[in-house]
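Reading through the structure tokens given below for one structure.
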Amino acid sequence: MRKFTVVFISILLSFGFVYADAKSIDIFIDGQKFKTKLSPIANDGHTLVAARPFLEALGYKVTWEGQTRTIVATAEHNIKLTINNQLAFFDQQEINLKSKPIILDNHSYIPLRDVAEALSANVKWKADARRIEVVSAKNNSLAAYGVPTHLSELKELYGEPERITTSIYGFDWHTYHNNYKDFVMYGVRDNSNIVAVYTKNPRLIGKLKLKRGQTYKSAKAKFGKSLDSITKNGTRYILDNPNQKMFALKDSYMRLFLDELSERRLTAVMLTTKREELLLDGYYGNNHQLKQQDFEVQLFDLANADRVNNGLDPFLWHEGIVAVARRHSEDMKDNSYFDHIDLNGNNIADRLRQSGYKGVYSAENIAAGQVSSIFAHEDLMNSARHRAVILGPASFMATGIAFGGEHHNYYTEAFFTPVQ
């Protein structure tokens, strides 16, 4: 591993510089409040922080060379910042800072956003709360669990994915399934690093030593107590779904999805790096970045994975009735109701018939409020009636998603067997 060297060369400030106290600003690093006796300062619209405590909070070893008045911080790359100079060097490449590093009251101060982003950290400014949220680049690998670390490695193992879809986290899901026998989705950030994995076959995450169908009690014994909440940037989010249990591992979060209808046995596993989970904005992420059709095909794939796991043939996709399912989701969202019967008194069979589809079998599942298709599907499979439809006799399936409204996300699954 290469060493990371940060060099700060300090000189005295000349007269004429004015720096405002920015101590009313709260700074959070990796979800925890950044505490230091040296308050941040504001300089021409930029926030500067004391160099040593900030770099140490990001995981770097910092030493001071008194003779050269240089700060040296050690980790994986090389960055050099000179006092009163906007030109900096990162791995010998020039970068231009928007604000100069300074010396104030015998302490070095550095521009928070410029330095953090140079170190591949993510920085958010929450103006209403006067809060800066920094998520570092550490804790951003799943290699310890036998998960590929890079897209190139993934392609060497599996080739090209069946499909690529968006996620609430902002990364892309790369889906592989071998005719739905070994369903797995890898989260790929910026077409590069693998930062998440969800699978119906836990053995694909070999070092977790879990398997589909084992009891929750036996799975929990490996990892200790599950979380009842997660705190991000001072906000506590409650985790109270009984069929989804979350664990904090060394450098990631793990969710175990359970079958409440069968002795709480394991049905799926999801791993995300701690960095990705901390970057997620609230529960739902940013829906404006999501693609409606991506959530729809994810829901279709998840249903087929469970059908094949239960010895059934997968559904065929019916593009024609996607519009029927979407309209019902949009109608529920726009008119603030949640029901199989729409405001005109029509059920799924009526809506299909009115759209020109005559069938010998039709059925519908609806869900609302779940943060993504993964969570919607797992909830549906934990309802006996909804599961019976997913594992039922229909030959075709289509899905329709609507974002927004009282419950944030609305999901409609339409099942159909046409007249021969």
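The values are calculated or read from the model by the stated rules, or taken from the named source; none is laboratory data. Note that the structure is a prediction, hence the values are computed from the model and not measured. For neighbour counting, all protein chains shown are included, and Cβ atoms are generated from backbone atoms with ideal geometry for every residue, glycine included. What goes into the accessible areas is simple: the full protein's heavy atoms, side chains included, and nothing from ligands, DNA or RNA. Shrake-Rupley method; radii C 1.70, N 1.55, O 1.52, S 1.80 Å.
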Put one equal scatterer on each alpha carbon of region 60-132, apply the Debye formula with no solvent term, and list log10 I(q)/I(0) at q = 0.12, 0.14, 0.25 1/Å to two decimals. -0.37, -0.50, -1.32
The chain - mean residue ellipticity at 222 nm from DSSP helices (-39,500 (n - 2.57) per run, n ≥ 4, rounded to 500): -6000 deg cm²/dmol
For region 137-221, run through the trypsin sites (Lys or Arg not before Pro) and keep only the ones in DSSP coil with at most 14 other Cβ atoms within 10 Å of their Cβ. LYS181, LYS209, LYS211
So ALA384 and LYS181, fully extended at 0.36 nm per residue minus their Cα-Cα distance, gain in nm 70.8 nm
I need the P(r) histogram for region 113-268: all alpha carbon pairs, bin width 10 Å from 0 out to the longest distance, whole percents. 9, 33, 35, 18, 4, 0
DSSP-loop trypsin sites (Lys or Arg not before Pro) across region 285-363, with at most 15 other Cβ within 10 angstrom: LYS291, LYS358
Bins of 10 Å, beginning at zero and ending with the bin holding the largest distance: percent of Cα pairs per bin for region 211-264, please. 22, 53, 21, 4
By the Cα gyration tensor axes a ≥ b ≥ c (a/c under 1.5 gives rounded; else a/b larger than b/c gives prolate, otherwise oblate), the shape of region 166-253 is oblate
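Need one number for region 97-199: average projected area of the convex hull over its C-alpha atoms, nm². Each step should come with its number before you reach the end.
Details: hull surface 38.7 nm².
Dividing the Cα hull surface by four gives the mean projection, 9.7 nm².
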Taking Cα centroids, how far is region 297-339 from region 367-381 in Å? 11 Å
Past the 22 angstrom mark, what percentage of all C-alpha to C-alpha distances in region 265-420 do you count? 41 percent
What is the percent carbon and sulfur in the accessible area of region 262-301, measuring with a 1.4 Å probe over the protein chains and ignoring ligands? 43 percent
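Over the alpha-carbon set of region 332-420, divide Rg by the Kirkwood Rh and report the Rg/Rh ratio to two decimals.
Reported Rg/Rh (Cα atoms, Kirkwood Rh): 0.97.
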Can you pull out the GluC sites (Glu not before Pro) in region 366-420 whose DSSP state is coil and whose Cβ has at most 13 other Cβ atoms within 10 Å? GLU406
What is the pair-distance distribution P(r) of region 259-307, computed from all Cα-Cα distances in 5 Å bins starting at 0, with each bin given as a whole percent? 5, 13, 14, 19, 22, 18, 7, 1
Note: region 343-391 at 4 °C, 1.567 mPa s; Kirkwood Rh on alpha carbon pairs; Stokes-Einstein D in µm²/s works out to 104 µm²/s
Determine the relative contact order of region 150-268: mean sequence separation of Cα pairs under 8 Å and six or more apart, normalised by residue count, in whole percent. 16 percent
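Give me the one-decimal Kirkwood hydrodynamic radius in Å for the chain, with the sum taken over alpha-carbon pairs.
Answer for the chain: a Kirkwood hydrodynamic radius of 24.1 Å.
If I stretch the segment between ASP228 and GLU406 completely, what's the gain in nm (0.36 nm per residue apart, minus their alpha carbon distance), one decimal?
This chain segment gains 61.6 nm when fully extended.
Roughly how compact is region 27-160, stated as its Cα Rg over 2.2 N^0.38 Å to two decimals?
1.21
Suppose the chain between LYS291 and LYS207 were pulled fully straight at 0.36 nm per residue; how much longer would it get relative to their current alpha carbon spacing? Walk me through the numbers before you get to the answer.
Numbers: separation 84, 0.36 × 84 = 30.24 nm, distance 3.30 nm.
That pair, LYS291 and LYS207, stretches by 26.9 nm at full extension.
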